[in-house]
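Q: Mind looking over this structure? Questions follow.
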Amino acid sequence: MLRGLEAAFPDAHCELDFTTPLDLAVAVILSAQCTDKRVNEVTPALFARYRTAADYAGADRAELEELIRPTGFYRNKATSIMGLGAALVERYGGEVPGKLKDLVTLPGVGRKTANVILGEAFGVPGITVDTHFGRLVRRWGWTELEDPVKVEHAIGELIPRKDWTMLSHRVIFHGRRVCHARKPACGACVLARDCPSFGAGPTTFAEAAKLVRGPETEHLLSLVTEGEGAR
Ligand code: SF4
């Protein structure tokens with residue numbers, strides 16, 4: 001299955017746009033209950049307006065809320081972002097720390113967010129257990145656990161540490177594009193031969209192919225028609 005994921009998504013990556021660790025931390029906070037695409041529409045203006053942790057700490061709340069409103073839950077997110085800015089200024093000299101134990105103490109930063117920041121901004125291997133990752137590894141029988149932290153540890157035991165970040169990206173890509181929660185595209189899936197949940201969605205290629213999403217669709221379908229996937 002790892003080989004299939006690699007063939008499907010050789011260049012999988014974090015789909016949030018960012019330049020600095022601070023940008024990334026803010027983008028991940030905004031991505032809660034929101035698509036990365038929508039976050040990426042908002043962040044250019046946001047990052048141009050607020051460049052440092054101190055800028056966020058001292059932000060005019062109404063202005064910040066207006067900028068992030070399209071991402072939903074904007075009041076809570078503004079509170080987290082302003083709190084994040086203040087905590088970074090007070091405790092870390094305005095810089096985003098590069099350790100899990102420090103990151104998880106910051107407002108708006110849970111373990112999932114911290115792992116994204118570590119993997120993307122600091123190159124520290126991390127497993128990001130979001131809704132897609134958890135759903136897929138359970139569908140594949142890699143674990144039966146539900147708790148994201150337990151899932152993270154269980155998968156960490158199965159996969160070499162150096163591969164954690166890329167695995168996370170690939171699994172999340174697969175969850176977004178092919179293995180959907182309600183109607184997975186089994187008949188057009190590169191992992192079909194090895195997947196114990198084959199049949200959870202349509203199994204004919206014609207029907208399943210219509211469910212595949214994203215810019216890699218043509219590549220993903222060609223892998224299947226050329227004999228890599230589906231049964
Ligand atoms: S075969 Fe179906 S359930 Fe299994 S990974 Fe592919 S889309 Fe998901």
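Q: At 24 Å minimum axial length over the Cα atoms and a Kyte-Doolittle cut of -1.0, report the qualifying DSSP H helices in the chain, or say none.
A: The answer, listed by residue number, is 74-92.
Q: When the helix-only estimate is applied to the chain (DSSP H runs of n ≥ 4, each -39,500 (n - 2.57), divided by the residue count), what is the mean residue ellipticity at 222 nm, nearest 500 deg cm²/dmol? Don't skip to the answer; put the middle values down first.
A: Details: 13 runs with 126 residues, N = 231.
So the calculated ellipticity at 222 nm is -16000 deg cm²/dmol.
Q: Still on this structure: Filter the cross-link list Lys150/Lys210; Lys77/Lys101; Lys77/Lys162; Lys162/Lys183; Lys112/Lys183 down to pairs whose alpha-carbon distance in this structure exceeds 28 Å.
A: Numbers: Lys150/Lys210 34 Å; Lys77/Lys101 22 Å; Lys77/Lys162 32 Å; Lys162/Lys183 32 Å; Lys112/Lys183 25 Å.
From Lys150/Lys210; Lys77/Lys101; Lys77/Lys162; Lys162/Lys183; Lys112/Lys183, over 28 Å: Lys150/Lys210; Lys77/Lys162; Lys162/Lys183.
Q: Could you state, as a whole-number percent, how many of the C-alpha pairs of the chain are farther apart than 31 Å?
A: Details: 7396 of 26565 pairs.
Of all Cα-Cα pairs in the chain, 28 percent lie more than 31 Å apart.
Q: Another question, if that's okay. What whole-number volume per residue, in cubic angstrom, does the convex hull of the C-alpha atoms of the stretch 186-225 give? Can you show the working numbers first?
A: Values: hull volume 2.5 nm³, N = 40.
Value for the stretch 186-225: 62 Å³ per residue.
Q: Specify whether the C-alpha gyration tensor of the stretch 21-121 places it in the rounded, prolate or oblate class, a ≥ b ≥ c being the square roots of the eigenvalues: rounded for a/c under 1.5, otherwise prolate if a/b is larger than b/c and oblate if not. Let's see the in-between values first.
A: Numbers: a/c = 1.70, a/b = 1.23, b/c = 1.38.
It is oblate, given that a/c is not under 1.5 and a/b is not larger than b/c.
Q: For the peptides 56-65, 154-163, what is the packing order when you average, over each peptide's residues, the other Cβ atoms within 10 Å and list the highest mean first? Walk me through the numbers on the way to the answer.
A: Numbers: 56-65: 15.4, 154-163: 13.0.
Peptide ranking by packing, descending: 56-65, 154-163.
Taken together, the values in this text are just the output of simple stated rules run on the coordinates, not laboratory data. Keep in mind the model is a prediction, meaning the values are calculated, not measured. Glycine also receives a Cβ, built like all others from the backbone with ideal geometry; neighbour counts cover every protein chain displayed.
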